[in-house]
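Notes to accompany the following structure.
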Amino acid sequence: VIDIHTHPVGIAELHEGSPDLTRAVREVYGRHMPLQPLTTYLAQLDEAGIDEAVALPIDCTTAHGCKIVTNEQVAQLMELSARIIGFASVDPGEPDAPETLRRAVREYGLRGLKLDPSLQQFAVGDRERAFPVYEACTDLDIPVMIHCGLNWAPRGMAALARPILLEEVLQAFPDLKIIIPHFGWPWVDETVMLALKHPNVHVDTSILYSGTPAESMMRVLVDLVGIDLIDRSLGSQVLFGSDYPRVEPKRFVWGFDELGLRPQLEEKIRRTNAMNVLGLGGGER
Amino acid sequence: MRSIVTRIGVDTHHDAEMIDITHRVQDVVRDAGVSSGVVYINTLHTTTGITINEGLPDVEDDILGFLSRLVPRDHPYRHSRFLPSDGEMAVNATSHLRSALLGMQVSFPIENGEMVRGQRQTIYFVELDGPLHREAVVHVMGE
């Protein structure tokens, strides 16, 4: 299994000597739980049966004067564990954002970009600021995960994170690989519409609003979207994601197992689709 | 009277797990230098337990299995929502309920500097929502 969506905000080693990170995690990201060592993070992946996980930073320099984990810290985690696949984050409000991204990918081996318009507070359709970043992603052939929907961070502004806002981005960058997390909840219909039309749109399963992951996935994927639609039309575009540490990955695995998917579809969502979008090789068509 | 509080760190590796901490508690009691008194063993968490039972793997499996049957995962518990004070989903009602059933503290008399403990009594720190880094507290009181 590859977990496409984890935030390493509670890993104690990253906070040592980084009071700015501790403040950012509490005040901007809104997490108030005790820190845990990296070994616990890896043990939680083990318990969930997850082989590798994507670690996501968020660069909020312009909006909040902080980075919720830096690209360098993600690179540090990758050195500590080969199971961690690092993404970069850049601030579209900074003129050198595209160059920062190119450097993070080349120097640190980061394999994708994380953007959160609701927390970074930028317009995804901003041609002057955001489009050069998308252009860099296309040049580097890396995916970009763009947060859509409910954001539990206290400073998050969901109005900036409606999936439909990505339509003009998709039209301008037809080769850009975009990952929409959380199925864009509550705008699931917008997310599904974009994914149906654009095969370069991927969606992840980290649907968290109320109830257990088993309950929220059942309501959205089974009752709202329909497993038949996913199997017929989105089978190569859905990725397993947990949004750790908002919830433990084991609970998403338990819920995912309860969906009762065809084994072939299950395998694609658990691993193959992620390998393809991350360019890791070994995926299937 | 002396009162000595010692924290014991426990790294758990599974969702549910029984970890034998008997020797660690014994060491704390001996180091305390109390000849006559009492020792309390508490967990600092609400999704773990402290219990005493026979130190056998099959008994451990039966205890965890029994707790799972008593408190199944697929029940619409009310404690299943986002908790702003944590910044996380609080969807672990099963862990809280299993912990409530098991208890969070045990105690032993201390006589001649040793715990008065039955031959088959093993002290367990019981993880019910792991893996996590956890803490138990050993409180020795006496003279």
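Tabulated data
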| quantity | calculated |
| --- | --- |
| Antiparallel bridges, percent of DSSP beta bridges restricted to segment A:1-91 (to nearest 5) | 30 |
| Under Karplus coefficients 6.51, -1.76 and 1.60, residue-wise ³J(HN,Hα) of segment A:206-216 in Hz, glycine/proline x | 6, 8, 9, 9, 7, x, 6, x, 4, 5, 6 |
| At R0 = 56 Å, FRET efficiency that the Cβ-Cβ distance of residue A:197 and residue B:79 yields, to 0.05 | 0.90 |
| Estimated FRET transfer efficiency when R0 is 45 angstrom, pair residue A:32-residue A:233 (beta carbons, to 0.05) | 0.65 |
| For segment A:175-231: relative contact order, % (alpha-carbon pairs under 8 angstrom, 6 or more apart) | 33 |
| Residues of segment A:132-159 buried by at least 30 Å² on assembly (accessible area, 1.4 Å probe, chain alone as reference) | A:152 |
| Among A:208, A:176, B:1 - extreme Cα towards positive end, dipole of the protein assembly as shown, charges at beta-carbon | A:208 |
| Total accessible area lost when B and A pair, probe 1.4 Å, Å² to nearest 100 | 2000 |
| Sulfur and carbon atoms: percent of accessible area, the protein assembly as shown [1.4 Å] | 49 |
| Calculated [θ] (222 nm, deg cm²/dmol) that DSSP helices of n ≥ 4 give over chain A, each run adding -39,500 (n - 2.57) | -9500 deg cm²/dmol |
| Residues in segment A:136-159 reached by a label modelled at residue A:126 [backbone nitrogen below 14 Å; 7 Å Cα→Cβ] | A:157 |
| Accessible area per residue, Å², segment A:183-285 with all protein chains present, probe 1.4 Å | 38 |
| Highest-MSF residue in chain B out of B:25, B:34, B:59 [GNM, Cα springs under 10 Å] | B:59 |
| Segment A:131-243 - Kirkwood radius from inverse mean 1/r over Cα pairs (Å) | 14.3 |
| Rel. contact order, % - alpha carbon contacts under 8 angstrom, at least six apart, chain B | 55 |
| Antiparallel content of DSSP bridges confined to the protein assembly as shown, in %, to 5 | 70 |
| Residue-averaged 222 nm ellipticity for chain B, from DSSP H runs of 4+ at -39500 (n - 2.57), nearest 500 | -7500 deg cm²/dmol |
| Fluctuation leader among A:99, A:16, A:258 - chain A, Gaussian network, Cα springs under 10 angstrom | A:16 |
| Cα centroid separation - segment B:1-64 against segment A:58-95, whole Å | 40 |
| Mean separation of Cα contacts under 8 Å (6+ apart) over length of segment A:1-62, as relative contact order % | 57 |
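The values are calculated or read from the model by the stated rules, or taken from the named source; none is laboratory data. Model, not experiment: these values are computed from the prediction. When we count neighbours, we look across all protein chains shown, and the Cβ atoms used for this are built from the backbone with ideal geometry, even at glycine. Please note that ligands, DNA and RNA were not included when accessible areas were found on the heavy atoms of the full protein model with its side chains. Shrake-Rupley method; radii C 1.70, N 1.55, O 1.52, S 1.80 Å.
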